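Student: Take a look at the following structure, please.
The values are calculated or read from the model by the stated rules, or taken from the named source; none is laboratory data. On a predicted model such as this, the values are computed, not experimentally measured, just so you know. Glycine gets a Cβ as well: all are built from the backbone with ideal geometry, and neighbour counts include every protein chain shown. Note: areas computed on protein heavy atoms with side chains; ligands, DNA, RNA excluded. Shrake-Rupley method; radii C 1.70, N 1.55, O 1.52, S 1.80 Å.
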Amino acid sequence: MKGHDARIEGLLGAMTLEEKIGQLNMLTADLAVTGPGMPADYMAELKAGRLGSMLNLYGIDLMRQVQRVAVEETRLGIPLFFGFDVIHGHRTIFPIPLAEAAAFDPELWEKTARIAAVEAAADGLTLTFAPMLDVARDPRWGRIAESAGEDPWLTARVAEAKVRGFQGKDLAAQDAVAATAKHLAAYGAVLAGREYAQVDVSERALHEIYLPPFRAAVAAGTAAIMPAFNDIAGVPLTAHAGVLRDLVRARWGFDGVMISDYNAIAELIPHGVAADLVEAAALALKAGVDIDMMATAYKRGLPAALQRGLVTLAEIDACVRRVLALKARLGLFDDPYRRRAPVMTAERIASHRHAAREAARRSIVLMTNRGGALPVASAPARVAVLGPLADIAEEMLGPWSGAGRGEEMVSYLAGLRQAWPRSRIDHARGVEIESDDTSGIPAAFDLARQADLVILCVGEARWMSGEGGSRARPGLPGRQAALADAVLGAGKPVIVLLTSGRPLLVPWLFERAEAVLAVWYLGSEAGHAVADVITGCFNPSARLPVTWPVEVGQIPIFYARLPTGRPIDPSFRYSSKYLDMANEPLFAFGHGLSYTRFDYANLSTSAPELRAGESIAVEVDVTNAGAVAGTETILLFVRDPVASISRPVLELRGMAKATLAPGERRSVRLTLAAEALAFPGPDLQPRLEPGEIEIFVGPAARADALLKTKARVVASTAKR
Ligand code: BGC
């Protein structure tokens with residue numbers, strides 16, 4: 001970067017204030033139905049040096065054209081960079097992040113990010129607004145779909161894998177895109193799950209739950225970070241110097257760019273912390289936000305802020321330097337057109353589709369399977385594929401669909417028809433996803449009655465989750481419950497494909513159907529993946545990355561709760577419980593069935609003691625006790641039973657996979673580092689307390705599913 005430093009300083013020296021602020025200004029392309037376009041007035045901004053980056057512009061020809069203007073028609077010829085929400089695939093669409101988290105598989109997470117980067121870069125993109133790292137414990141919040149669920153440790157592993165996948169080894173490579181860890185921080189804790197609402201979390205929760213995934217992303221080298229829309233205890237993150245500047249930049253050493261969320265700098269005014277754009281711009285800049293996405297608050301506010309003495313030129317220069325450094329890291333000064341379409345050969349496209357099918361199969365959670373209804377090994381003579389989500393290919397895209405095209409997705413019906421070419425497969429929607437019209441139910445019921453097997457496809461529309469997708473009643477929308485009720489009464493085995501961006505609270509459906517598959521939004525190969533699981537070509541191995549409640553009243557619900565002084569005692573009124581329902585969720589974190597059964601035995605540790613800086617091995621024998629081969633996801637939890645502050649009843653600290661033939665037994669080894677047992681002390685620095693710790697291994701965060709052993713921590717403080 002040495003040569004680049006000189007170039008950057010040279011540019012800074014040559015830039016006017018307007019050009020400097022221009023580098024901090026990010027504007028969006030028009031997103032027309034026909035694809036993105038460059039608004040004419042933005043072209044004028046670009047030529048005048050008042051635009052440094054764009055979002056939502058993709059497509060290699062258009063981008064070359066716009067980049068050419070930046071390079072050839074602006075005074076200093078500084079190239080633009082182009083960002084886009086490549087959240088779960090670009091053209092090839094992978095399962096939504098919540099679904100992919102269910103695979104508990106860092107290699108998979110990295111691979112799908114790599115493919116997404118290759119495709120995004122081929123479309124001229126240089127940065128993605130991903131990974132989304134908000135720990136999400138509230139199914140009412142639509143953005144839980146974009147998250148890796150409720151667990152900070154798991155989300156941190158997603159962070160590392162995604163940053164590696166998007167950025168590759170060299171950010172300047174033709175197929176690398178910069179990652180943006182978002183939304184820093186605690187956005188998942190919005191009050192009552194309502195989008196853009198206030199957040200009030202303790203310092204401890206912030207440091208223990210919400211920040212670790214961002215810390216992991218920074219350690220993995222994320223090029224960018226996006227502060228969240230929300231406040232924490234009254235301080236909007238866009239203006240949160242304590243988190244952005246003092247913690248993330250100063251203590252963690254993050255030297256990449258901070259990109260505001262969409263219009264977030266201007267929104268400091270309605271947040272009630274800035275009187276006007278001048279104050280808003282000054283607050284964000286001082287907190288460490290380099291790039292103003294779509295608020296033009298820097299453009300309109302910074303010159304006056306400088307005059308009023310609210311910011312200094314040195315502070316503006318620091319932001320510009322970081323933006324130019326990112327452009328240098330991306331290789332844009334060496335070749336502004338470096339990201340160009342590699343020949344997307346048929347072979348390459350096929351390999352991406354293959355990966356999408358694999359990712360989708362590994363993300364499907366087998367929630368219930370009464371009497372071994374699944375798999376359906378031999379093709380039934382007559383199948384009724386019913387429900388509003390059975391054959392809408394576009395719905396398979398899920399929220400945030402990148403450059404994915406609805407017509408390229410495989411619907412469930414299409415996948416099943418391919419899997420069972422000789423079966424008679426009838427289809428009726430019965431009802432729409434969201435409508436009061438029940439006139440189609442009788443016809444669906446008739447088809448169910450005549451079928452040997454019913455596959456009922458119900459759930460949410462893709463627009464119902466993702467940003468702005470909060471739902472106070474996260475159940476089946478419209479009259480789908482009436483359809484399900486009728487079909488379940490037809491006396492035929494019913495397999496439910498439950499499509500959603502969140503846990504859907506439909507306990508009755510789980511109760512009544514023979515089997516339920518949580519299929520989330522699986523992307524391009526949804527139909528094939530679902531058929532693979534239904535037919536038994538693929539034995540499901542995914543696990544819930546989020547606790548699945550029975551009722552809205554239990555929310556927020558998550559496994560890593562703190563113990564209470566009055567644990568539940570059904571016979572004692574004054575214990576921690578509800579009067580009108582159980583405390584327990586419907587399905588625990590880690591729940592997910594297989595077509596085989598795995599037994600766990602002989603949990604042991606390689607040493608009885610653990611010292612700071614050291615690790616021990618935790619070993620367990622896992623046996624495939626069923627009749628078919630399968631892959632088991634093995635989870636390791638810890639608990640510190642007596643500490644200076646109350647510690648969660650379980651905390652995830654390890655995961656492993658074992659693929660076993662029927663009857664096969666394997667000793668599975670997981671590593672537990674002493675540092676994984678540290679927690680923020682009173683000064684919020686990691687602290688490792690000596691004493692006994694409990695170690696649990698098993699498939700899910702359920703006491704009756706876990707084996708337990710112990711070890712001793714021998715240390716006082718942990719090294720960072
Ligand atoms: C979202 C971000 C996204 C940005 C750009 C915002 O509304 O909160 O997650 O990256 O838009 O599309």
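Student: Any idea which of 221, 193 is surrounded by fewer than 23 Cβ atoms within 10 Å (Cβ to Cβ) and modelled with pLDDT of 95 or more?
Tutor: On the way: 193 fails: surrounded by fewer than 23 Cβ atoms within 10 Å (Cβ to Cβ).
Just a single option satisfies the conditions, and that option is 221.
Student: Could you check, for segment 574-591, whether at least one of its residues is touching a Leu at 6+ places or on another chain (Cβ under 7 Å) and part of a strand (DSSP E or B)? Show your work before the answer.
Tutor: Here is the first cut: in segment 574-591, the residues touching a Leu at 6+ places or on another chain (Cβ under 7 Å) are 587, 589-591.
From the residues that got through so far, the ones that are part of a strand (DSSP E or B) too are 587.
Taking every residue of segment 574-591 in turn, at least one turns out to be touching a Leu at 6+ places or on another chain (Cβ under 7 Å) and part of a strand (DSSP E or B).
Student: Filter segment 82-99 down to residues that are open to solvent by less than 10 Å² (accessible area, probe 1.4 Å), of a type outside the set (Val, Ile, Thr) and more than 16 Å from the ligand (Cβ to nearest atom) and give me whichever is farthest from the chain's Cα centre (by Cα).
Tutor: Here the answer is 94.
Student: Now a separate question. Looking at (1) under 24 Å from residue 380 (Cα atoms); (2) among the aromatic types (Phe, Trp, Tyr); (3) in contact with a helix residue (DSSP H, G or I) (Cβ under 7 Å, 6 or more places away or on another chain), find the lone condition where residue 520 falls short.
Tutor: (1)
Student: Of the residues 150, 146, which is within 13 Å of residue 86 (Cα to Cα), among the acidic types (Asp, Glu), at pLDDT 95 or above and open to solvent by less than 10 Å² (accessible area, probe 1.4 Å)?
Tutor: Numbers: 150 fails: within 13 Å of residue 86 (Cα to Cα).
Exactly one residue qualifies, and that residue is 146.
Student: Hey, among 403, 390, 355, which residue is closer than 20 Å to residue 123 by Cβ and either modelled with pLDDT of 95 or more or assigned to a helix (DSSP H, G or I) (or both)? Steps first, please.
Tutor: Numbers: 403 fails: either modelled with pLDDT of 95 or more or assigned to a helix (DSSP H, G or I) (or both); 390 fails: closer than 20 Å to residue 123 by Cβ.
Criteria check complete, one pass: 355.
Student: Within segment 685-709, can you find the residues that are open to solvent by less than 40 Å² (accessible area, probe 1.4 Å) and among the aliphatic types (A, V, I, L, M)?
Tutor: Step one: list which residues in segment 685-709 are open to solvent by less than 40 Å² (accessible area, probe 1.4 Å), which gives 688-689, 691, 693-701, 705-706, 709.
Correct list: 688, 693, 695, 697, 700, 701, 705, 706.
Student: Now, a different point. Return the residues of segment 571-590 that are open to solvent by 80 Å² or more (accessible area, probe 1.4 Å) and within 22 Å of residue 705 (Cα to Cα); say none if nothing qualifies.
Tutor: So the first thing to find is which residues in segment 571-590 are open to solvent by 80 Å² or more (accessible area, probe 1.4 Å), and the list is 571-574, 578-580, 584.
Correct list: 584 only.
Student: Check segment 339-355 and report whether any residue there is buried (at least 23 other Cβ atoms within 10 Å of the Cβ), touching a residue at least 60 places away in the same chain (Cβ under 8 Å) and among the charged types (D, E, K, R).
Tutor: Within segment 339-355, one or more residues are buried (at least 23 other Cβ atoms within 10 Å of the Cβ), touching a residue at least 60 places away in the same chain (Cβ under 8 Å) and among the charged types (D, E, K, R).
Student: Only residues in segment 34-54 that are modelled with pLDDT of 95 or more and open to solvent by 30 Å² or more (accessible area, probe 1.4 Å) count as the first member; pair them with residues that are part of a loop (DSSP other than H, G, I, E, B) and not aliphatic (A, V, I, L, M), Cβ under 7 angstrom, at least 6 apart or cross-chain, and list the lot.
Tutor: 47/74
Student: A further question follows. Which ones in segment 421-445 are surrounded by 15 or more Cβ atoms within 10 Å (Cβ to Cβ) and either part of a helix (DSSP H, G or I) or within 16 Å of the ligand (Cβ to nearest atom) (or both)?
Tutor: 441, 444, 445
Each row is one residue, and each column tells you yes or no for (1) part of a helix (DSSP H, G or I); (2) within 16 Å of the ligand (Cβ to nearest atom).
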{"position": "255", "(1), (2)": "no, no"}
{"position": "258", "(1), (2)": "no, yes"}
{"position": "263", "(1), (2)": "no, yes"}
{"position": "266", "(1), (2)": "no, yes"}
{"position": "281", "(1), (2)": "yes, no"}
{"position": "286", "(1), (2)": "yes, no"}
{"position": "292", "(1), (2)": "no, yes"}
{"position": "298", "(1), (2)": "yes, no"}
{"position": "301", "(1), (2)": "yes, no"}
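Student: Considering only segment 172-190, state which residues are more than 21 Å from residue 466 (Cβ to Cβ) and open to solvent by 10 Å² or more (accessible area, probe 1.4 Å).
Tutor: 172, 173, 174, 175
Student: Need a quick list: strands (runs of 3 or more DSSP E) entirely within segment 598-693 having at least 3 residues that are over 31 Å from the mean Cα position of the chain (by Cα) and among the polar types (S, T, N, Q). Step through it out loud before you land on a result.
Tutor: Details: elements: 598-605, 609-611, 615-624, 630-639, 651-660, 665-673.
Strands (runs of 3 or more DSSP E) meeting the threshold: 598-605.
Student: Still on this structure: Name the single residue, out of those in segment 224-239 being open to solvent by 10 Å² or more (accessible area, probe 1.4 Å) and within 16 Å of the ligand (Cβ to nearest atom), that is farthest from residue 204 (Cα to Cα).
Tutor: Of the residues in segment 224-239, the ones open to solvent by 10 Å² or more (accessible area, probe 1.4 Å) are 229, 231-235, 239.
With the extra rule that they be within 16 Å of the ligand (Cβ to nearest atom), the set shrinks to 229, 231.
Values: 229: 21, 231: 16 Å.
This residue is 229.
Student: Just to be sure I understand, how many residues within segment 55-65 are surrounded by fewer than 23 Cβ atoms within 10 Å (Cβ to Cβ) and away from the ligand (no atom under 16 Å from the Cβ)? Before you say what the answer is, go through the steps one by one.
Tutor: Filtering segment 55-65 down to residues surrounded by fewer than 23 Cβ atoms within 10 Å (Cβ to Cβ) leaves 56, 59-62, 64-65.
Pick out the ones that are also away from the ligand (no atom under 16 Å from the Cβ) and you get 59-62, 64-65.
Result for segment 55-65: 6.
Student: Next up: Tell me the residue from 601, 627 that is within 30 Å of residue 99 (Cβ to Cβ), surrounded by fewer than 15 Cβ atoms within 10 Å (Cβ to Cβ) and not acidic (Asp, Glu), please. It would help to see each step written out before you state the result.
Tutor: Working: 601 fails: within 30 Å of residue 99 (Cβ to Cβ).
Selected residue: 627, the only one of 601, 627 that is within 30 Å of residue 99 (Cβ to Cβ), surrounded by fewer than 15 Cβ atoms within 10 Å (Cβ to Cβ) and not acidic (Asp, Glu).
Student: Also, quick follow-up: Report yes if residue 277 is more than 16 Å from the ligand (Cβ to nearest atom) and more than 19 Å from residue 208 (Cα to Cα), otherwise no.
Tutor: Details: more than 16 Å from the ligand (Cβ to nearest atom): yes; more than 19 Å from residue 208 (Cα to Cα): yes.
So residue 277 fits the description; yes.
Student: For residues that are among the hydroxyl-bearing types (Ser, Thr, Tyr) and more than 14 Å from the ligand (Cβ to nearest atom), scanning just segment 185-221, find the one that is nearest to residue 168 (Cα to Cα). Spell out the reasoning first.
Tutor: Initially, segment 185-221 is screened for residues among the hydroxyl-bearing types (Ser, Thr, Tyr), giving 187, 196, 202, 210.
Filter again for more than 14 Å from the ligand (Cβ to nearest atom), leaving 202, 210.
Values: 202: 35, 210: 25 Å.
Selected residue: 210.
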